[in-house]
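The values are calculated or read from the model by the stated rules, or taken from the named source; none is laboratory data. Because the structure is predicted, anything quoted here is derived from the model rather than measured. Heads up, the Cβs are rebuilt from the backbone with ideal geometry, glycines too, and the neighbour counts pull from every protein chain shown.
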Amino acid sequence: MRILVSNDDGIDAIGLQTLVSVLGREHEVYVSAPDRQRSAASHSATFFLQDLYAEPRRLEGAVLAYAVSGTPADCVYAGLHGLFEQPVDLVVSGINRGWNVSTDCHYSGTVAAAFEGLMNGIPAIAVSLASFESEDYEAAAEVTNLLTEIVLTHSASKDHIWNVNVPAVDFEELKGIRETGFDSRGMYDHMTAKTELPDGRVQLHFDSPPALSRPHDNLAGDITAVENGYVSVTLLKRDWTGYEHMAEAGEVLQGILEKKQNNT
């Protein structure tokens, strides 16, 4: 299997390097990753606004690897359209430092890189280690390797990415793998400091990490599953349309237009 690997922590991140090393044992791995930290870049794309530059790197397990001067989405697009001659079968983004669960997914460059693969017709996995302290990515890499064949052949992969979050424990200590949905979670904290500067500008300083929801017994939620020692796998859909509300919304919208027309 040919696999394109990217991330948002940058090509020098231990998570990416561990992933490439493990995947490279059984697969043909190509790397197109940001040349620097690009966390929380979401699906920002710059390739149609400016040229990108790719610097070759040597990575254990990779056939070819490049550090790219772009966002995670840029890197995947470049990897699929011109940077490598060989077509790929699967896109894997990660391993991210810190989890990407629930509302994190809207901000995550890791998740966006996987979506860029899906948007270009390639099945995709986004994988994160649920810790900001641990540098042991082996279990997460092994789990990802186990999932590659399933993701490649599963019917859901045509319209969904597989968002994977792995507890920071040894592989033998994992309790299992659970299919999950978004858990309840509060939004990110507001700014903690506002300082007026002499030149008239206002400095806004944010230093509070997002607060997780309190653990509970619903293992169908991504946060709770991970906090209880399970690998969380959430299928994230490419099509965001709220079909269940379309008919009702359509009636309301048409009514607004007709009311305006009758009053003119």
What do you reckon, is residue 5 in contact with a helix residue (DSSP H, G or I) (Cβ under 6 Å, 6 or more places away or on another chain), part of a helix (DSSP H, G or I) and under 22 Å from residue 150 (Cα atoms)?
-> no
Confirm whether residue 168 is in a helix (DSSP H, G or I), modelled with pLDDT of 85 or more and of a type in the set (Gly, Ala, Ser).
-> no
From the list 224, 195, which residue is out of contact with any helix residue (DSSP H, G or I) (no Cβ under 7 Å at 6 or more places or on another chain), over 30 Å from residue 145 (Cα atoms) and either modelled with pLDDT of 85 or more or surrounded by 11 or more Cβ atoms within 10 Å (Cβ to Cβ) (or both)?
-> 195
For segment 112-163, enumerate the residues that are loosely packed, with under 14 Cβ neighbours inside 10 Å, in a helix (DSSP H, G or I) and not aliphatic (A, V, I, L, M).
-> 149, 153, 155, 158
Kindly list the number of the only condition in (1) within 19 Å of residue 32 (Cα to Cα); (2) without any contact (Cβ under 8 Å) to a residue 60 or more places away in the chain that fails for residue 98.
-> (1)
Residue 21 is checked against (1) in a loop (DSSP other than H, G, I, E, B); (2) under 21 Å from the mean Cα position of the chain (by Cα); (3) surrounded by fewer than 18 Cβ atoms within 10 Å (Cβ to Cβ); (4) modelled with pLDDT of 95 or more and fails just one. What number does that condition carry?
-> (1)
